[in-house]
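Undergrad: Please see the structure below; I have some questions.
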Amino acid sequence: MGGEEHGITIKNLSINGLLAKLNIDREDIDIKYIFNTLLVSTKIDLYLPEMRLAGEVEVVRADIENGHILLALEFKNIAYDIDKDLNKRKAYRKNMPDFGKILLNGEYRNFTTVNVSVEGLMICLSEAISVEEGTITSFEFKRLELEGEIKVIWVDLISDDRTLIGLQYVHMENNAIKGIPRFARQQTA
């Protein structure tokens, strides 16, 4: 929210959303800050690794209770029961379907992103294509203003002659990935 990641405590949860207490001890973040931040956009990213839930929510209410900021959040674009490898991943992945281009086998091909993180992206090609894992190639993803080199981590041919490819950033012209939170996991002692 507001370009920053904040910890939350879930107060209650329903099928449509949740009520969360913002876990902050900074004096500069108060209810006025929250409302000013929400003037830009009421949609924020949410990541609950223990519940295997990630995606976008909309802030429908903000309030103060016993000196704590409470946010009522409505699910908008949420992935429930994220795949079994969630806890092995280093970074949060945001569902972000959009278009880009990648150079494969000497030809630029259009792709659609499945999800995006600060470390890479998963794309879908509308054709079956053979690509070697470990291949380093060029790509362009205009929505996030990203371009540069990317490495093919895995390839999977799926139904309807489409290809899913997992990619990792190698070298990019724009190192700041705006709009994709890192969501660092809390370390427990």
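The values are calculated or read from the model by the stated rules, or taken from the named source; none is laboratory data. The structure displayed is predicted, hence computed values, not measured ones. FYI the Cβ positions are ideal-geometry reconstructions off the backbone, even for glycines, and counts take in every protein chain you see. Remember, those area values only see protein heavy atoms, side chains included, never the ligands or the DNA or RNA. Shrake-Rupley method; radii C 1.70, N 1.55, O 1.52, S 1.80 Å.
Undergrad: Please list the non-local residues whose amide H lies under 5 Å from the amide H of G120, H modeled 1.01 Å from N, same-chain partners needing a gap of 5 or more.
TA: Close amide H contacts, sequence-distant or interchain: Y169.
Undergrad: Kindly write out, for the stretch 162-167 in residue order, the coupling ³J(HN,Hα) from the Karplus curve 6.51 cos²θ - 1.76 cosθ + 1.60 (θ = phi - 60°), rounded to whole Hz, with x marking Gly and Pro.
TA: Each residue's phi maps through the Karplus curve to give 10, 10, 9, 9, x, 10 Hz.
Undergrad: Along the charge dipole of the stretch 1-139, Cβ charges K/R +1 and D/E -1, which of L125, S41, I15 sits furthest on the positive end?
TA: Highest projection toward the positive end goes to I15.
Undergrad: Treating only the Cβ atoms of Lys and Arg (+1) and Asp and Glu (-1) as charged, compute the dipole magnitude of the stretch 1-137 about its Cα centre; round to the nearest 20 debye. Could you put the intermediate results ahead of the total?
TA: Values: 16 positive and 22 negative charges, 34 e Å.
Dipole size: approximately 160 debye.
Undergrad: OK, next. Which value, in Å² rounded to 10, gives the accessible area of R162 with a 1.4 Å probe and all protein chains present?
TA: Rounded to the nearest 10, that gives 80 Å².
Undergrad: So how much slack lies between K11 and E132, counting 0.36 nm per residue of separation and subtracting their Cα-Cα distance, in nm?
TA: The K11-E132 span can extend by a further 38.8 nm.
Undergrad: Now a separate question. Out of residues 5 or more away from K11 or on other chains, whose amide H comes under 5 Å of its own, with H placed 1.01 Å from N in the peptide plane?
TA: The answer is L19, A20, K21.
Undergrad: Order these peptides, 22-33, 116-127, 145-156, by their mean beta-carbon neighbour count within 10 angstrom, highest first.
TA: Ranked by mean Cβ neighbours within 10 Å, highest first: 116-127, 145-156, 22-33.
Undergrad: Hey, another quick one. Can you flag which of K11/K94; K11/K142; K76/K101; K32/K101; K43/K101; K11/K151 are past 32 Å Cα-Cα?
TA: Cα-Cα > 32 Å for K11/K142; K32/K101; K11/K151; rest within.
Undergrad: Let me ask you something else. Taking H placed 1.01 Å from N in the peptide plane, check which residues at least 5 places from G148 or on another chain put their amide H under 5 Å from its amide H.
TA: F139, E173
Undergrad: What list of ³J(HN,Hα) couplings, whole Hz, do you get for the stretch 112-126 from phi and the Karplus terms 6.51, -1.76, 1.60, once you set θ to phi - 60° and write x for glycine and proline?
TA: Working through the residues one at a time gives 10, 6, 9, 8, 9, 9, 6, 10, x, 8, 10, 10, 10, 9, 7 Hz.
Undergrad: May I ask you to give the percent of accessible area on the stretch 1-137 that is carbon plus sulfur, with a probe radius of 1.4 Å?
TA: The C+S portion of the solvent-accessible surface of the stretch 1-137 is 47 percent.
Undergrad: Here's a follow-up. Heavy atoms only, 1.4 Å probe, whole protein assembly: order M96, M51, M1 by accessible area, highest first.
TA: Numbers: M96 10, M51 85, M1 35 Å².
Ranking M96, M51, M1 by accessible area, largest first, yields M51, M1, M96.
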